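Q: A single structure is presented below for examination.
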Amino acid sequence: MALLNILEFPDPRLRTVAEPVTVFDGALSQLIDDMFETMYEAPGIGLAATQVDVHKRLIVIDVSEARDEPLVFINPQVEVLDEALDEYDEGCLSVPGFYETVQRPQHVRVTAQDRNGESFTMEPQGLLAVCIQHEIDHLDGKLFVDYLSSLKRTRIRKKLEKQHRLRA
């Protein structure tokens, strides 16, 4: 397995809309394993392929305390089951060091494929539902900072750009 480089806001590649996965092979399985290793090392609870500069509709998630419940969602689609919104303080591996309150539907239905291409459906709630929606946003070229005011978004962008300059 290998650690992958995580793109950071405001990298324009994070705005790329991901393409559907059509080939389920060893290369895809290796990418999934590498994404889990990268996510756990970061550490995070979710990672979209877009964040590692692979523009395929693939996300990996593990919201368990013990980090022993890995979930793979390929070509995921979300249907909102309850319009009620819940607030969560969201962070993002592509926006390191920042946490902001975002409102999202609290109960959704997700249809996706697993690493073997088998379709499945689940109805997550709470943190898992929020995480899935957050990661699917990445596949659509959207970041959690897009839910914030332009003032907050600009402040975060400027701070991260400064950090990038200092590391260069």
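Q: Where does the charge balance sit around residue 25 when Lys and Arg score +1, Asp and Glu -1, over other residues with C-beta under 15 Å from its C-beta? Before the final figure, lay out each step's value.
A: Working: positive: 56, 115; negative: 33, 34, 114, 118.
Net charge around residue 25: -2.
Q: Kirkwood Rh, the range 1-81, all Cα pairs: how many Å? Walk me through the intermediate numbers first.
A: Numbers: mean 1/r = 0.0757 Å⁻¹.
That comes to 13.2 Å for the range 1-81.
Q: Taking 7 Å along the Cα-to-C-beta vector as the label spot, tell me the residue 167-residue 5 distance in nanometres, rounded to one decimal.
A: 1.0 nm
Q: Over the chain, give the accessible area per residue in Å² for a 1.4 Å probe, as an integer.
A: 52 Å²
Q: Roughly how many Å is it from the Cα centre of the range 60-125 to that of the range 11-59, as a whole number?
A: If you average the Cα positions of each part, the centres end up 14 Å apart.
Q: Next up: Considering only DSSP states other than H, G, I, E and B, which chymotrypsin sites (Phe, Trp or Tyr not before Pro) in the range 81-168 qualify as loop sites with at most 13 other Cβ atoms within 10 Å? Walk me through the intermediate numbers first.
A: Values: sites: 88, 98, 99, 120, 144, 147; in loops: none.
For chymotrypsin sites (Phe, Trp or Tyr not before Pro) across the range 81-168 that sit outside H, G, I, E and B with at most 13 neighbouring Cβ atoms in 10 Å, the list is empty.
Q: Identify, among 94, 75, 133, the residue whose Cα sits farthest towards the positive end of the charge dipole of the range 1-160, taking +1 on the Cβ of Lys and Arg and -1 on the Cβ of Asp and Glu, with the dipole about the Cα centre.
A: The listed residue farthest towards the positive side: 94.
Q: Still on this structure: Placing +1 on the Cβ of each Lys and Arg and -1 on the Cβ of each Asp and Glu in the range 4-113, which of 54, 44, 66 has its Cα farthest towards the positive end of the resulting dipole?
A: 54
Q: Go ahead and run the numbers for FRET between residue 30 and residue 123, Cβ-Cβ distance against an R0 of 45 Å, rounding to 0.05.
A: Numbers: r = 30 Å, r/R0 = 0.67.
The pair residue 30/residue 123 has a calculated efficiency of 0.90.
Q: Of the heavy-atom accessible surface of the chain (probe 1.4 angstrom), what whole percent is carbon and sulfur?
A: Result for the chain: 49 percent of the exposed heavy-atom area is carbon or sulfur.
Q: Further question: Quote the charge dipole size of the range 15-168 about the Cα centre in Debye, to the nearest 20; the model charges only the Cβ of Lys and Arg (+1) and of Asp and Glu (-1).
A: For the range 15-168, the charge dipole is close to 1140 debye.
Q: Kirkwood Rh, the range 86-157, all Cα pairs: how many Å? Provide the component values of the computation, followed by the final result.
A: Values: mean 1/r = 0.0747 Å⁻¹.
For the range 86-157, the Kirkwood estimate is 13.4 Å.
The values are calculated or read from the model by the stated rules, or taken from the named source; none is laboratory data. The model shown is predicted, which means the values in this text are computed figures rather than measured ones. Reconstructed Cβ throughout: ideal geometry from the backbone, glycine too, with neighbour counts over all protein chains shown. Only protein heavy atoms, including side chains, enter the accessible area calculation; ligands, DNA and RNA are left aside. Shrake-Rupley method; radii C 1.70, N 1.55, O 1.52, S 1.80 Å.
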